[in-house]
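In what follows, a structure is listed as structure tokens, so that the remarks can point back to it.
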Amino acid sequence: MLGLKLPTDPRWVNIVEKNIEEILTDHAYCEQKAASTAISLIIGFPEKSELVKEMTALAREEMGHFNMVHEKILARGWVLGRERKDEYVLQLMQFFPKGGSRETHLVHKLLYAALIEARSCERFRLLSEHIADRELAEFYRKLMVSEANHYTMFLKFARKYGSTSEVNEKWQALLTYEAEIMKNLGKKETMHG
């Protein structure tokens, strides 16, 4: 369903289990960045009423997820650490050339967001199926469903605001590019890395 061209090696979960505090901190910041993305789409494209409505709801939902992850951190006697660089996102954002029309820029932002949500969904599924901590397994199973809905919503908007055939072509090219990035990642206890 997600269309990812290179699945995460399930051994990534073993890396995560060695430092749960690190993955929870990274995950918390991913939720915060997702909310920020939704807000930036509202600010950048206020005339797109349907998008604004959906991004408003998404920003609330993502901050709710941030709060849930933060509560998991606090319940374990930890504090939220400092933000880490997300090498995955930094590399991913280099795919589309800078410039172009405002509509093209919107489509590219939506495709990036869709792919990040798809990869998060895939990682949440792995955690839900393989992590030994049953509380976290159930937590990630519930979040996996949200991420899948976000992924499809971003793709739907990309196809609405761009030519469907062109968007589909860009999406496939982005998926291929992302698979190349993933060949060198999956060795850290971060949500995408």
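Part of a helix (DSSP H, G or I) and in contact with a Lys or Arg (Cβ under 7 Å, 6 or more places away or on another chain): does that describe Ala179? Criteria met by Ala179.
From the list Ile39, Ile23, exactly one residue is at pLDDT below 95 and within 26 Å of Leu175 (Cα to Cα). Which is it? Full working, then the answer.
Values: Ile39 fails: at pLDDT below 95.
Among Ile39, Ile23, only Ile23 is at pLDDT below 95 and within 26 Å of Leu175 (Cα to Cα).
The condition of being out of contact with any Pro (no Cβ under 6 Å at 6 or more places or on another chain), of a type outside the set (D, E, K, R) and modelled with pLDDT of 95 or more holds for only one of Val89, Val107, that being Val107. Determine if the stretch 106-119 includes at least one residue that is without any contact (Cβ under 8 Å) to a residue 24 or more places away in the chain and not aromatic (Phe, Trp, Tyr). No.
Screening the stretch 119-155 for residues that are closer than 20 Å to Leu92 by Cβ and basic (Lys, Arg) and picking the one that is surrounded by the fewest Cβ atoms within 10 Å (Cβ to Cβ) gives Arg125.
Scanning the stretch 33-71 for residues that are within 28 Å of Glu178 (Cβ to Cβ), part of a helix (DSSP H, G or I) and of a type in the set (D, E, K, R) turns up Lys33, Glu50, Glu54, Arg60, Glu61, Glu62. Scan the stretch 182-189 and tell me whether some residue there is among the acidic types (Asp, Glu) and in a helix (DSSP H, G or I). There is no residue in the stretch 182-189 that is among the acidic types (Asp, Glu) and in a helix (DSSP H, G or I).
Of the residues making up the stretch 123-157, those that are of a type in the set (Gly, Ala, Ser) and within 16 Å of the chain's Cα centre (by Cα) are Ser146, Ala148.
Within the set of pairs 6+ apart or on separate chains, which have a first residue in the stretch 42-67 that is over 13 Å from Lys109 (Cβ atoms), a second that is in a loop (DSSP other than H, G, I, E, B), and C-beta atoms under 7 Å apart? Filtered contacts from the stretch 42-67: Val52/Pro46. Within the stretch 72-99, the residues that satisfy the criterion of being part of a helix (DSSP H, G or I) and either touching a residue at least 12 places away in the same chain (Cβ under 8 Å) or closer than 21 Å to Glu180 by Cα (or both) are Lys72, Ile73, Glu87, Tyr88, Val89, Leu90, Gln91, Leu92. In the stretch 156-193, the residue that is nearest to Phe66 (Cα to Cα) out of those that are surrounded by 18 or more Cβ atoms within 10 Å (Cβ to Cβ) and among the acidic types (Asp, Glu) is Glu189.
When the stretch 2-35 is limited to residues that are acidic (Asp, Glu) and touching a residue at least 60 places away in the same chain (Cβ under 8 Å), the one that is nearest to Glu87 (Cα to Cα) turns out to be Asp26.
The values are calculated or read from the model by the stated rules, or taken from the named source; none is laboratory data. In this text, all values refer to a predicted model and were calculated from it rather than measured experimentally. With ideal geometry, Cβ positions are generated from the backbone for all residues, glycine too; neighbour counts draw on all protein chains shown.
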